[in-house]
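Step one of this worksheet: look at the structure below.
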Amino acid sequence: MPRIIAIVNRKGGSGKTVTAFNLAGALAEANLPVLVIDLDPQGSLTKGLDITPGNPTLSEVLIRGGEGFSDLIQVTHIPNLYIIPADGDLNGIETGLREVPGRELRLRRCLSKFMTRHFDYIILDCPPSLGSLTVNALVAASDAIIPVDCGSYGRDALGSTISTIDFTREEINFNLRVLGVLVCNVNSRTTYDQMAEASIRQQFGPLVFTASIPTSIRVDEAAEARKPVVFYDGRSSLADKYREFAREVIARCQGGT
Ligand SMILES: Nc1ncnc2c1ncn2[C@@H]1O[C@H](COP(=O)(O)OP(=O)(O)O)[C@@H](O)[C@H]1O
Ligand SMILES: [Mg+2]
């Protein structure tokens with residue numbers, strides 16, 4: 001069974017897509033087949049991998065109950081990395097415009113019934129809200145990773161994100177756990193960021209991954225080059241940070257600390 005990891009934070013710009021993209025890259029580089037599912041109607045991850053949605057789209061498949069789900073999987077130019085792209089119609093699902101019974105269970109059903117290919121990891125990139133798509137992700141996931149942007153650290157968003165995870169666990173998905181909090185975009189030259197990181201570590205203790213991701217121009221450069229950092233500049237210290245983070249993810253998934 002693959003680990004299904006939702007990358008979730010209610011706040012936009014907290015590093016969800018950057019984390020999904022670069023974690024997937026580091027796992028793929030380690031020879032672990034990874035599927036990313038882009039659940040954000042904005043489709044940043046999809047565009048970031050230069051993919052266009054096929055026919056049918058993810059939103060059509062979710063609405064009609066999952067038939068054809070495995071046909072949504074597309075190969076990318078990165079070995080071991082596959083994607084189910086987002087499409088603009090996901091907006092309708094997100095806002096509840098398309099009322100469907102049991103709509104919060106849709107993705108879980110698709111993943112359990114229609115997954116034919118074998119992946120070690122499935123990474124769900126969530127939209128910046130706690131709407132229906134994020135709930136679908138949390139209901140389908142085995143684990144959640146919460147990225148927090150150091151520069152614009154939103155305590156409120158973090159609190160409500162964790163409450164939603166707790167609520168989902170208590171009500172629907174007993175197996176869901178927070179795999180960890182990832183401190184992102186840390187500019188260690190500023191006192192503000194140092195204090196923000198220290199405060200997050202104090203609040204969440206061992207839940208916070210040891211690796212944190214520094215602020216680096218390479219994040220945007222790699223995205224522009226359509227490559228995860230480990231493939232864009234594999235020798236950089238940023239690439240090593242993502243490898244370190246990926247190793248922690250693997251260890252935590254295997255029941256380590
Ligand atoms: N480590 C980093 N260094 C520099 N910029 C970063 C870093 N992490 C994130 N960013 C910037 O923040 C932006 C928003 O991140 P993104 O992952 O798209 O947020 P979300 O998906 O949570 O809305 C990115 O496009 C990038 O420009
Ligand atoms: Mg995003």
Being assigned to a loop (DSSP other than H, G, I, E, B), under 21 Å from D220 (Cα atoms) and either within 12 Å of ligand 2 (Cβ to nearest atom) or not small (G, A, S) (or both), is that true of even one residue in the stretch 19-33?
no
Run S112 past the list (1) within 25 Å of R243 (Cβ to Cβ); (2) among the small types (G, A, S); (3) over 18 Å from the mean Cα position of the chain (by Cα) and report the number of the one that doesn't hold.
(1)
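What number of residues within the stretch 37-54 satisfy the criterion of being within 12 Å of ligand 2 (Cβ to nearest atom) and at negative phi?
Of the residues in the stretch 37-54, the ones within 12 Å of ligand 2 (Cβ to nearest atom) are 38-48.
Within this subset, residues satisfying the condition of being at negative phi are 38-42, 44-48.
Residues flagged as within 12 Å of ligand 2 (Cβ to nearest atom) and at negative phi within the stretch 37-54 amount to 10.
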Considering only residues of the stretch 55-70 that are part of a loop (DSSP other than H, G, I, E, B) and polar (S, T, N, Q), which is nearest to ligand 1 (Cβ to nearest atom)?
T57
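Within 16 Å of ligand 1 (Cβ to nearest atom), over 27 Å from S216 (Cα atoms) and at pLDDT 90 or above, is that true of A141? Step through it out loud before you land on a result.
On the way: within 16 Å of ligand 1 (Cβ to nearest atom): no; over 27 Å from S216 (Cα atoms): yes; at pLDDT 90 or above: yes.
No: the conditions fail for A141.
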Can you pull out the residues in the stretch 20-33 that are surrounded by fewer than 24 Cβ atoms within 10 Å (Cβ to Cβ) and within 11 Å of the chain's Cα centre (by Cα)?
none
Out of curiosity, is D193 surrounded by 12 or more Cβ atoms within 10 Å (Cβ to Cβ) and at pLDDT below 95?
yes
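Take T52 and tell me if it is farther than 25 Å from A246 by Cβ, assigned to a loop (DSSP other than H, G, I, E, B), more than 16 Å from ligand 1 (Cβ to nearest atom) and at pLDDT 95 or above. Steps first, please.
Details: farther than 25 Å from A246 by Cβ: yes; assigned to a loop (DSSP other than H, G, I, E, B): yes; more than 16 Å from ligand 1 (Cβ to nearest atom): yes; at pLDDT 95 or above: yes.
In short, yes.
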Take N55 and tell me if it is out of contact with any Leu (no Cβ under 6 Å at 6 or more places or on another chain) and closer than 24 Å to L182 by Cα.
no
Would it be correct to say that V61 is over 27 Å from G102 (Cα atoms), away from ligand 2 (no atom under 16 Å from the Cβ) and not polar (S, T, N, Q)?
no
S142 - would you say it is among the polar types (S, T, N, Q) and within 21 Å of I83 (Cα to Cα)?
yes
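Which residues, counting only those in the stretch 173-188, are within 13 Å of ligand 1 (Cβ to nearest atom) and either in a loop (DSSP other than H, G, I, E, B) or within 18 Å of the chain's Cα centre (by Cα) (or both)?
Hits for the stretch 173-188 are L182, V183, C184, N185, N187, S188.
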Would you pick out the residues in the stretch 223-236 that are away from ligand 1 (no atom under 12 Å from the Cβ), assigned to a helix (DSSP H, G or I) and not aliphatic (A, V, I, L, M)?
F231, Y232
Output the residue which, of all residues in the stretch 110-134 that are more than 30 Å from D193 (Cα to Cα) and of a type in the set (V, I, T), is modelled with the lowest pLDDT.
T116
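Out of R177, R189, I need the residue that is farther than 16 Å from F21 by Cβ, touching a strand residue (DSSP E or B) at 6+ places or on another chain (Cβ under 7 Å) and not small (G, A, S). Which one? Write out each step before concluding.
On the way: R189 fails: touching a strand residue (DSSP E or B) at 6+ places or on another chain (Cβ under 7 Å).
Selected residue: R177, the only one of R177, R189 that is farther than 16 Å from F21 by Cβ, touching a strand residue (DSSP E or B) at 6+ places or on another chain (Cβ under 7 Å) and not small (G, A, S).
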Qualifying residue in the stretch 154-172 (condition: outside any helix (DSSP H, G or I), of a type in the set (A, V, I, L, M), surrounded by 14 or more Cβ atoms within 10 Å (Cβ to Cβ) and within 18 Å of the chain's Cα centre (by Cα))
no
Enumeration of residues in the stretch 34-49 that are over 13 Å from the mean Cα position of the chain (by Cα), touching a residue at least 40 places away in the same chain (Cβ under 8 Å) and either more than 15 Å from R226 (Cα to Cα) or not in a loop (DSSP other than H, G, I, E, B) (or both):
P41, Q42, G48
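The values are calculated or read from the model by the stated rules, or taken from the named source; none is laboratory data. Worth saying up front: this structure is predicted, and the values here are computed from it rather than measured. A quick note on method: Cβ atoms are made from the backbone with ideal geometry, for glycine too, and the neighbour counts reach across all protein chains shown.
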